[in-house]
Amino acid sequence: TIFEDHISGLINVIECLDRQSLKGIVNIGSSDEYGNATSPLREITRESPIAPYSLGKLAATHLFQMLSKTENFPGIVLRLFLCYGPKQDFARFIPQTIKGCLSNKPFPVSEGLQLRDFCFIDDVVSAIFLALPNSGARGHVINIGSGDPVSIKDVVNKIVAILGCGKPQ
């Protein structure tokens, strides 16, 4: 269902567009398209989806690339790394950690050795507005992240330090 929703939803949007006047369109991809590939992840890194979500995202990316090559479609794929910011769902890593710290009760976390590249939502919005008018970006995949991987443990420790409370286990 997740795969079908990604690709069918995108096809529905593309079919509704006035392709004659379309100047540019951005599809939001995901770093999950790379699967378990080793860092650093670059746009030329071979994708290797490991879940229906990442497969759906990758299929959408390939659809945009195919349309760009065959029909001069002005699509751009921005592959987002771990986004965070205001109003984020509490099931996501940073809000969940903040909520756990504010409860001031012990809560489980991993050992935290994983490295992640975080991207603040305002930077994502800026990337979209920079990509859209850029004709050189059309047909391409562009990774959007900080470029500075941080360990999960460091993020948890930073949140505890900022809040002054929390008992991550």
Query raised in the report: Say each of SER135 and TYR53 gets a label point 7 Å from the Cα, pointing the same way as Cα to Cβ; how far apart are those two points in nm?
Result: 3.8 nm
Query raised in the report: If the convex hull of the alpha-carbon atoms of the range 69-130 is projected onto planes in all directions, what is the mean projected area in square nanometres?
Result: 6.6 nm²
Report task. Between VAL109 and GLN20, take the C-beta separation as r, use R0 = 35 Å, and let me know the FRET efficiency to the nearest 0.05. Result -> 0.10
Report task. For Kirkwood radius over Cα pairs in Å, several values are listed as (i) 19.1; (ii) 18.5; (iii) 17.6; flag the one computed from this structure. Result -> (iii)
Report task. Roll a 1.4 angstrom probe over the protein heavy atoms and tell me the percent of accessible area of the range 81-153 that is carbon or sulfur. Result -> 60 percent
Query raised in the report: Over the chain, what relative contact order in percent results from Cα pairs under 8 Å that are six or more residues apart?
Result: 27 percent
**Report entry** Average accessible area per residue (Å²) across the range 19-169 - probe 1.4 Å, nucleic acids and ligands excluded
**Finding:** 60 Å²
Query raised in the report: Looking at the range 94-169 from every direction and averaging, what is the projected area of its Cα convex hull in nm²?
Result: 6.1 nm²
**Report entry** GNM flexibility winner over the chain from PRO108, PRO52, PRO95 (Cα, springs under 10 Å)
**Finding:** PRO108
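The values are calculated or read from the model by the stated rules, or taken from the named source; none is laboratory data. Just so you know, these numbers come straight off a predicted model, no measurement behind them. For neighbour counting, all protein chains shown are included, and Cβ atoms are generated from backbone atoms with ideal geometry for every residue, glycine included. These area figures cover heavy atoms from the full protein model, side chains too; ligands, DNA and RNA do not enter into them. Shrake-Rupley method; radii C 1.70, N 1.55, O 1.52, S 1.80 Å.
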